[in-house]
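A short write-up of the structure that comes next.
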Amino acid sequence: MSQAQWHNELRIPGALALQMRGFRRRVWSIKLVEAICFAALSMLVAFLLVFALDRLFDTPAWLRLAIELAAIAGCCALPWFVHRWVWRFYRLDQLARLLSYKMPRIGDQLLGIIELAENRWEQHRSRALCQAAIEQVSDDAQHCDFRAATPDSRLGLSLACAAALLLIVALLAILVPAAAGNAFARLARPWSGTPRYTFAALEPLPNELVVAHGEAFPISAKLTQSSLWHPSHATARLASQQPITADLAHGGYHFTFPAQIESGNLRLRVGDATFNIDIQPKLRPELTKITAKVRLPDYLGHPGIEECDVRGGTVALVKGSRVSFAPTVNRPLHSAQANGNACTPIGESFTTPEILVKDAQQIELQWQDNYRLSAKEPFKIAIAAQDDEPPQLSCEDLPRGRVVLDT
C-alpha cells in the first residue's frame, strides 16, 4: 500500500476535526477578546487615573511616566495571550490536551487516536483495530459538548468593565473636552511639561514673591473669565502656619498674611487649581544719600553747579535758582518718581528734572527697587524760596580798640 493510501485511510474523521476546530475557534475568540479588553482597560484606567489625580494636584512627570509604563505593560497582555492560547493550542493534539483538563476521559481518548493516526508502526500491526478505535472515539465525541471544556474566563466582566470605562471616557470627552484632551496629552508625553488643565482657572501668579520684612502683606488671586468653576472660597497656607480662607469677591480671592521674617512656601488652592509661591521677606530700600544740585541766578555770576546735602528734608534757595535732586538708595532701582513724574534710574540712583525756584514748594520722591519693594513712605523735600539781599560786610576777629604811642 502506498504512502498516500496510508494517509488517506487513517486520519481523524472530518466531523471530529471540524468539532475540534470549532472548539479552537471558541477558545481563541474568548481569549483574544479578553486580551483586547485587558489592554483597553489598562489604557482607560491610566487615562482616568491621570485625569482624577490632576483634579487633586499637579501630577508629577515621574508618576505620569509610571502610569504610562503600567498601561503599556497591560497592553503587552495581547501578545502574551496570543502565545498562550493561539500558538500553544493550534494543533489537534494540543487541543486534546486542553480538553483533558475539564473532560479527562474524552480528552485522553482524542489524544490517543491522534497518536494512532500518526503512528505507522501501530497501524502496521493492526490497521483495522486502529481504524475502529478512531471511529469509536469519533462517535463518542459527537455526543460531547466541547464548550463545557472551555477554559475559565472573565469575558463578561471584562467586557462590562471596558464598556463602563469607555462610556465614562466618552462622557468626559463630550462634557469637558479641554480637560480630557489635556489629561491624554500629559499621559502620552509625561516628559513634555504640558501644563495641567484646571476647571478653576486663575490669572498667572508669580513663582516667587518678595515682601516687606516684618510687615503684613496681601495676595490676590483672580479667576479668569474663561474659568468653568467659581469656588465659593479658597485656602492658602504659608509654611507650617494655620491655613487662611478667603471668600469669592469681585471675581477673586484676597488674602492678608501676617508679618514674616523668614522665607517660606505659600500653597494656594482654589477648587482643583493649586499654586506654590516662594515667599522671600526683605528689608525695604532705604535712602543713603540725597544731593541738591543748584544753579544760582545768572546775575550773581556763579555759572557752576553747587551741591549740598538735603537728607534733612529742607533746603533754602534764592529765588530764580534752578535745582535738581540726586537721591541714592541701598539697592538697585527698578523705577523712580518725583511728584508723580517718572525718572530714569541708573543703578542705585536717579536724578529729578531741574525746576525753577519761584516760591516755596515741596518735592515728593518715591522709588521701587529691583524686588518691586518701595520705601514705606515717600521722601519729601521742602524748598524755601528766599529773596536776594544786598551784600553785607562781615569782619571777624578784629579788636574793639587799639593803643598807640603818642609819638
_Taking the criterion of being free of Cβ contacts under 8 Å to residues at least 12 places away in the same chain, in a strand (DSSP E or B) and open to solvent by less than 70 Å² (accessible area, probe 1.4 Å), would at least one residue in segment 256-263 satisfy it?_
no
_Out of the residues in segment 339-371 meeting the condition of being surrounded by 14 or more Cβ atoms within 10 Å (Cβ to Cβ) and among the aliphatic types (A, V, I, L, M), tell me which one is farthest from Ala326 (Cα to Cα)._
Val357
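For (1) open to solvent by less than 60 Å² (accessible area, probe 1.4 Å); (2) at pLDDT below 75; (3) under 30 Å from Phe275 (Cα atoms), each residue gets a yes or a no:
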| position | (1), (2), (3) |
| --- | --- |
| Met1 | no, yes, no |
| Trp6 | yes, yes, no |
| Ile12 | yes, yes, no |
| Ala17 | yes, yes, no |
| Ser42 | yes, no, no |
| His83 | no, yes, no |
| Tyr90 | no, yes, no |
| Arg105 | no, yes, no |
_Checking the conditions here, which among Asp272, Asp278 is open to solvent by less than 70 Å² (accessible area, probe 1.4 Å), modelled with pLDDT under 90 and under 21 Å from the mean Cα position of the chain (by Cα)?_
Asp272
*Go through (1) under 30 Å from Leu296 (Cβ atoms); (2) in a loop (DSSP other than H, G, I, E, B); (3) open to solvent by less than 70 Å² (accessible area, probe 1.4 Å); (4) touching a residue at least 40 places away in the same chain (Cβ under 8 Å) and name the single condition Ile383 misses.*
(2)
_Search result, residues across segment 188-219 that are open to solvent by 70 Å² or more (accessible area, probe 1.4 Å), free of Cβ contacts under 8 Å to residues at least 40 places away in the same chain and not basic (Lys, Arg)_ = Pro195, Glu203, Pro204, Pro218
*asked:* Against the condition within 22 Å of Arg295 (Cα to Cα) and part of a loop (DSSP other than H, G, I, E, B), how does Asp397 come out, does it pass?
replied: no
*Considering only segment 230-255, state which residues are within 12 Å of Ala200 (Cβ to Cβ), surrounded by 15 or more Cβ atoms within 10 Å (Cβ to Cβ) and either in contact with a His (Cβ under 9 Å, 6 or more places away or on another chain) or among the hydroxyl-bearing types (Ser, Thr, Tyr) (or both).*
Leu248, Tyr253
_Every residue in segment 301-343 that is over 19 Å from Ile355 (Cβ atoms), assigned to a loop (DSSP other than H, G, I, E, B) and either among the polar types (S, T, N, Q) or in contact (Cβ under 8 Å) with a residue 40 or more places away in the chain (or both), please._
Asn330, Arg331
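The values are calculated or read from the model by the stated rules, or taken from the named source; none is laboratory data. If you're wondering where the values come from, they're calculated on a predicted model, not measured in any experiment. Quick reminder, even Gly has a Cβ in these numbers, built from the backbone with ideal geometry, and neighbours come from all protein chains shown. For accessibility, only protein heavy atoms count, side chains too; no ligands or nucleic acids. Shrake-Rupley method; radii C 1.70, N 1.55, O 1.52, S 1.80 Å.
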